[in-house]
Amino acid sequence: MGSAMTRYGHIGWRVIAVVAFAGTAALAVTLTHVPAHPAEVTLSSNLTQTPCATSGLRAWVGLGTTGSPPGTGQRPQLAAGTTYTLEFTNVSSHACRLYGYPEVTAYANAQIGSAAVDDTSVRAQPVTLEPGATAHSVLRVTGTGRFQPNACQQVTAPELRVMLPDQARPSFVPIDLAACSRKGLAFMSVQPIQPRPGVPGAGFPMP
């Protein structure tokens, strides 16, 4: 009798252990199938969209937050200590994606000095740009005045060369900018592309 009870007791404990294991496994499966956070779903869906091609965008310099560039149609003069916006208008017939930092350099038939440094105070986020819509990136001209003349070797750049993420062809934006021709000196900074126009209806569209 005692041996029978012991045997059935062992069987009972085994049943309990199997049930407990099954419940734990079911809980683990349930937890691994929790839906993704909505922000992550939006991010991943935007990242799968076609990147904006250079040929389908128009890049131009917007109005600075301080100072007043010349009127539309004139070459804007980018002054030291001034913040501007680089505007990107989708002139294609389909929506596309922008994500990350544009590479911005002063240009005159070749790159002048070093590219603008990335301003990480703003987080990069994917931007879906519908036809006709505009997004922007903040460009700050810190200037050449804080460098020794011999170290800077200042020249005037007639263009900005803007290379968008995931593209092999740059855009060129006409400007006047005092730039250091010697590499290694940062005289501009740029933020990631943001999902809205910086200065709607104003600025210097490319011809």
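Relative to the Cα centre, the charge distribution of the range 53-190, modelled as +1 at Lys and Arg Cβ and -1 at Asp and Glu Cβ, gives a dipole magnitude of about 220 debye. For the range 53-190, the normalised intensity computed at q = 0.16, 0.18 Å⁻¹ comes to -0.82, -1.02 (log10 of I(q)/I(0), Debye sum over alpha carbons, equal scatterers, no solvent). Farthest toward the positive end of the dipole of the range 53-190, out of Gln125, Val91, Gln111, is the Cα of Gln111, where the dipole comes from beta carbon charges about the Cα centre. In the range 53-190, the DSSP beta bridges split such that about 90 percent are antiparallel, to the nearest 5.
Residues whose amide H lies under 5 Å from that of Gln77, counting only those 5 or more places away or on a different chain, are Asp176; hydrogens are built 1.01 Å from N in the peptide plane.
Quick note: the coordinates plus some simple rules give every number you see, no bench work behind them. This one's a predicted model, so the numbers in the text were calculated from it and none came from an experiment. Cβ coordinates were reconstructed from backbone atoms using ideal geometry, including for glycine residues, and neighbour counts include every protein chain displayed.
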